[in-house]
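Q: First the structure, then my questions, so here it is.
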Amino acid sequence: MPDHSTPSHTIPSPPDVTVVVPTKNAARTLAACLQSLRSQTHPCRTVVVDNGSTDSTRAIAEDGADAVLEIGPERSAQRNHGARTYPAEFVGFIDADMVLQPTVVAEAVAALRAGAGSVIVPERTVGSGFWVEVRAFERSFYDGSDAIEAARFFRWNVFDRAGGFDEQLTGPEDWDLSESARELAPVARTTAVIEHDEGTIGYLDACRKKAYYAEGVRRYVAKRGVSALRQAGRRPWVRQPRKLMNRQGAGLVALKAGEAAAVCWALAGHQARMLRVVRSGSDPALRGRPRAR
């Protein structure tokens, strides 16, 4: 699919910050996200990288972003493509359902100029309904936890040396890049926050989302080994059971149980499909080879 770039508003030339926003049918939230980027006290170039949206995402992007690109198949590839098409001294990655407080970019740039290689921006969950309350309750445990919150801004040389986002991972790619960046330079945090608009979450939808990410999680664990398992186990709410003795706490336990079951179901299905492929000999890598007796 060809790339298209569409200018939208005046920015410094050349900008020292590129912020990449991957999209896929994000019309509900994208305008607010882009407006928050346009309102930053430190100007930045905003690049939307769309993955074949069928709603009005593309029109919103062309109206509010500095450049619009198209590529797939997943957000790791989208992010890498946006950053490498429009490189800058500093690069940030924001999701289309996020709204930044006005000083986020300024604080991130100050920390990177002071020697950090990557910067974490704390997040707050917003939306409506009980399961959004549960998500917000869960996130409250992660304030100040570098093990859970992934970096969103990087010095270009750190991002580049780390290899960008691993395009074989969907789900834990943020953790993976943050871990690689941490090995190269210190990590910092902003005091300004991101509001993550999750809309209205249904229990089954949340579980299905985890199932979708299951294969990425498996690949992440295979890649990172013990460190990935250690990180997965760093859930502060597990070590604070008394704080779970309320309505949101009960919901959190139920949600995590459902998500874990969905991940196990998805991984079992993946293994069964792979086994059928091997047994049938339909894997291209096995064609022309004699089947084992």
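Q: Amide H to amide H under 5 Å from Asp55: which residues, 5+ apart in sequence or cross-chain, H placed 1.01 Å off N in plane?
A: Asn25
Q: With a 10 Å radius around each residue's Cβ, average the other Cβ atoms per peptide and rank 254-265, 64-75, 214-225, highest first. Please report the intermediate quantities before stating the final value.
A: Working: 254-265: 15.8, 64-75: 21.0, 214-225: 17.2.
Ranked from most to least packed, the peptides come out as 64-75, 214-225, 254-265.
Q: Right, next: Just name one of Leu177, Ser56, Trp237: the one whose Cα is farthest towards the positive end of the charge dipole of the range 17-286 (beta-carbon charges, Lys/Arg +1, Asp/Glu -1).
A: About the Cα centre, the residue reaching furthest to the positive side is Trp237.
Q: Still on this structure: By DSSP, what percent of the beta bridges with both residues in the range 17-286 are antiparallel, rounded to the nearest 5?
A: Of the beta bridges lying entirely in the range 17-286, close to 30 percent run antiparallel.
Q: Once the cut-off is 16 Å, how many percent of the Cα-Cα pairs in the range 62-142 end up in the long-distance tail?
A: 67
Q: For the range 13-57, rounded, prolate or oblate, judged on the Cα gyration tensor with a ≥ b ≥ c (square roots of eigenvalues), a/c < 1.5 rounded, else prolate if a/b > b/c?
A: Numbers: a/c = 3.82, a/b = 1.80, b/c = 2.12.
Taking the square roots of the gyration eigenvalues as a ≥ b ≥ c, the range 13-57 is oblate.
Q: Compute the projected area of the convex hull of the Cα atoms of the range 17-286, averaged over all viewing directions, and report it in nm² to one decimal place.
A: Computing the convex hull of the Cα atoms and averaging its projections yields 15.2 nm².
Here, each number is a calculation from the coordinates, and none is a lab measurement. Since this is a predicted model, take the numbers as computed values, not measurements. Note: ideal-geometry Cβ built from the backbone for every residue, glycine included; neighbour counts use all protein chains shown.
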